[in-house]
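Reading through the structure tokens given below for one structure.
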Amino acid sequence: MPLFEGWEHVEHTLLSVQAQTFRDYRVLISVDGADKRSYEACKRFSDDPRFEIVVHERRLHWNGNINWLASQLREDYFCYWQHDDHCAPDYLQVLIDYADRHPEAASVYCDMQHFGTRNDVVRHKSVVGFALERVLEQARRANPAAIRCLVRRAAMVSALPITSATTWTVAVARAGELHRIPRILYFRRNRPDSLGMQMLTMPEEEMLAFTLEYGLGVFKYAFPLVQKEEIGPLLSMIADQLVNAQIRKRWQVDFASAAPQLREKFLARFFETAVREFGVSPAAVQEGRERLALMSSEAQRATRDGGVKVRPGFWSKAIAALSHPTKSSRRGRG
């Protein structure tokens, strides 16, 4: 549990953890930035030998705190528990029982009920199939349910270092299947002052950097799974997802309403970074740009004709074309 300025709700959350019917767990609470009020709010739980509280004097921020927590993992599973959320008493037991029966699942999660400023239910379908198929499908959905759950140790280790919640889910999908249990066992609090809400008001340059980081993170996990001649198509699919409003846009630049110059600036950075960091060839970049131009025209036509920004069936066909199991032995289910 990463904890910073969470004193108002953390006691209720820890009571939810303590009430779990599954008892064989260790709770590691990582208090960031010497946050004394949050430490005081959860200090009484240290009487329970399963609970451990560590206070960091230096501010780690969310991703640094998550990486530190992951580095302390010595159990079979990692369970990320937000400091202001709570779960049904049988939450851990249901997830553990399922994970024990399904070793192919890198993560196991349930349906999530929002409360507070939202009251909808998140139902994230299972992500299965070959590794490349899983990576691209999870990237398309950009749904965080697959980390607010139980993550198998090997999958957690393979995802390090974690830079954001969205790329974390893609990394876990690379490691194995993502399995949904269709029951509401997790209750997620939504607050107007939460980190997620603060991210919606990021300056444009920060939003561009976040979007770029997400796109390159997807490419990082998909790149080893394709053959040389597939790199261009892969680049175009990821770029299309980022600039043609293919995914949920809450924490990414909405290029559909942005100036064309901003779109071109972003694409130039995306392709240039792919060359610099992954050794992508100029020929693959050129092919990616050409394919993207065609995909962008199709997206504009779909928006104009139907008033929608998501093209039904388009991504599933594109993923299937890249993920055909006979093309590469590297696309295993593991």
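Tabulated data for the structure shown
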item	result
For the range 278-285, 3J(HN,Hα) per residue [Karplus equation, 6.51 cos²θ - 1.76 cosθ + 1.60, θ = phi - 60°, Hz, x = Gly/Pro]	10, x, 5, 6, x, 5, 5, 5
Listed peptides 59-72, 86-99 by packing density, highest first (mean Cβ within 10 Å)	86-99, 59-72
Additional length obtainable on full extension of the chain from Leu262 to Arg74, 0.36 nm per residue less Cα span	63.2 nm
Percent breakdown of C-alpha pair distances by 10 Å bin, ordered from the shortest bin, for the range 1-72	20, 54, 25, 1
Inter-site label distance for Phe22 and Glu5 at 7 Å from Cα along Cβ, in nm	3.3 nm
Computed E for Glu277/Thr117 - FRET, C-beta separation, R0 30 angstrom, nearest 0.05	0.20
Sulfur and carbon atoms: percent of accessible area, the range 96-239 [1.4 Å]	56 percent
Cβ-placed point charges (K, R +1; D, E -1), dipole of the range 56-144 about Cα centre in debye, nearest 20	400 debye
Per residue, in Å², the accessible surface of the range 1-149 once ligands and nucleic acids are set aside, probe 1.4 Å	44 Å²
Carbon plus sulfur fraction of accessible area for the range 48-91, probe 1.4 Å, in percent	50 percent
Extension reserve of the Asn63-Arg101 stretch, reckoned as 0.36 nm per residue once the Cα distance is removed	10.6 nm
Packing rank of 226-236, 212-222, where each peptide gets the mean count of other beta carbons within 10 Å, highest leading	212-222, 226-236
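The values are calculated or read from the model by the stated rules, or taken from the named source; none is laboratory data. For clarity, every value in this text was computed on a predicted model and none was experimentally measured. A quick note on method: Cβ atoms are made from the backbone with ideal geometry, for glycine too, and the neighbour counts reach across all protein chains shown. The protein model used for the area step is the full one, side chains on, heavy atoms only, and it has no ligands, DNA or RNA in it. Shrake-Rupley method; radii C 1.70, N 1.55, O 1.52, S 1.80 Å.
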